[in-house]
Amino acid sequence: QKEVEQNSGPLSVPEGAIASLNCTYSDRGSQSFFWYRQYSGKSPELIMSIYSNGDKEDGRFTAQLNKASQYVSLLIRDSQPSDSATYLCAGSPSGGYNKLIFGAGTRLAVHP
Amino acid sequence: NAGVTQTPKFQVLKTGQSMTLQCAQDMNHNSMYWYRQDPGMGLRLIYYSASEGTTDKGEVPNGYNVSRLNKREFSLRLESAAPSQTSVYFCATTDRGNYGYTFGSGTRLTVV
């Protein structure tokens, strides 16, 4: 069974701090990884994608991928209360036709 | 430009009743997916359609059927609803897996 694992949280950080969200995956053949943000009662929204080892930055968000360790992370700099949401990590498994496997999500709470 | 439209948004069924969840996209995407989301379990794939005319089972297909009516529409049918099918159902689409998914707004289904 191919899996994506996340700590459910909640991860509580003060406003302005860096929030670090982590994810591990079991399928060593996975090539593409995604971070989705989901506000309560809403649908997931894609915020970052990463395909190669290393870092990818987009505004306040940085995604990091380490394929040797099968580890994906998302850093949110200068966290804002509006960043409070559940963050879903997803991977595209080997041999799967564009199918994504999702982690259960990490709930982030940014307090003023 | 509506993106991915799901209907209905809310539904309450009695055990044994049937219903069809509708999903339509105007993004000209080839691939469409049905996921269910339950607390603590993340998103689990029910069925998917890699392209018009094809459908395949995902991780949790039992109790469901699907129809890819045309390129735009992908419906999910519950023939005899059970309380275990109480969940939030999301339709998603993509043109290429590397680009991640676009989700519909979800259908919140309660089976009593």
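No value in this document is a laboratory result; all are computed from the given coordinates. Note that the structure is predicted; figures quoted are calculated from it, not measured. No Cβ is skipped: glycine too gets one built from the backbone with ideal geometry, and neighbour counts run over all protein chains shown.
Data for the structure
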item: Cβ-based net charge around A:V110, under 13 Å, with every Lys or Arg adding one and every Asp or Glu removing one; result: +1
item: Neighbourhood net charge (13 Å Cβ-Cβ; Lys/Arg +1, Asp/Glu -1) for A:D58; result: +2
item: Ellipsoid semi-axes in whole angstrom, largest first, where each is sqrt(5λ) of the Cα gyration tensor of chain B; result: 22, 14, 13
item: Cα radius of gyration and Dmax for chain A (Å); result: 13.4, 44
item: Ranking of A:C89, A:C23 by count of other Cβ atoms within 10 Å, fewest first; result: A:C23, A:C89
item: Gaussian network model of chain B, springs between alpha carbon atoms under 10 Å - residue of B:V66, B:V12, B:V88 with greatest fluctuation; result: B:V12
item: Relative contact order %, chain A, counting alpha carbon pairs below 8 Å whose residues are six or more apart; result: 38 percent
item: Relative contact order [Cα under 8 Å, 6+ residues apart], chain B, whole percent; result: 36 percent
item: Stretch gain in nm, segment B:T110-B:S51, where the contour uses 0.36 nm per residue and the Cα spacing is subtracted; result: 18.2 nm
item: Gain in span if fully extended, A:A109 to A:A17, counting 0.36 nm per residue against the direct Cα distance; result: 32.0 nm
item: Partner chain coverage, peptide A:38-48 - average Cβ within 10 angstrom; result: 4
item: Share of alpha-carbon pairs per 10 Å distance bin for the stretch B:62-112, given as whole %; result: 21, 46, 28, 5
item: Between the stretch B:44-59 and the stretch A:33-84, the alpha-carbon center distance in angstrom; result: 26 Å
item: At 0.692 mPa s and 37 °C, Stokes diffusion of the stretch B:1-61 via Kirkwood alpha-carbon radius, µm² per second; result: 244 µm²/s
item: Radius of gyration and Dmax over the Cα atoms of the protein assembly as shown, both given in Å; result: 17.5, 51
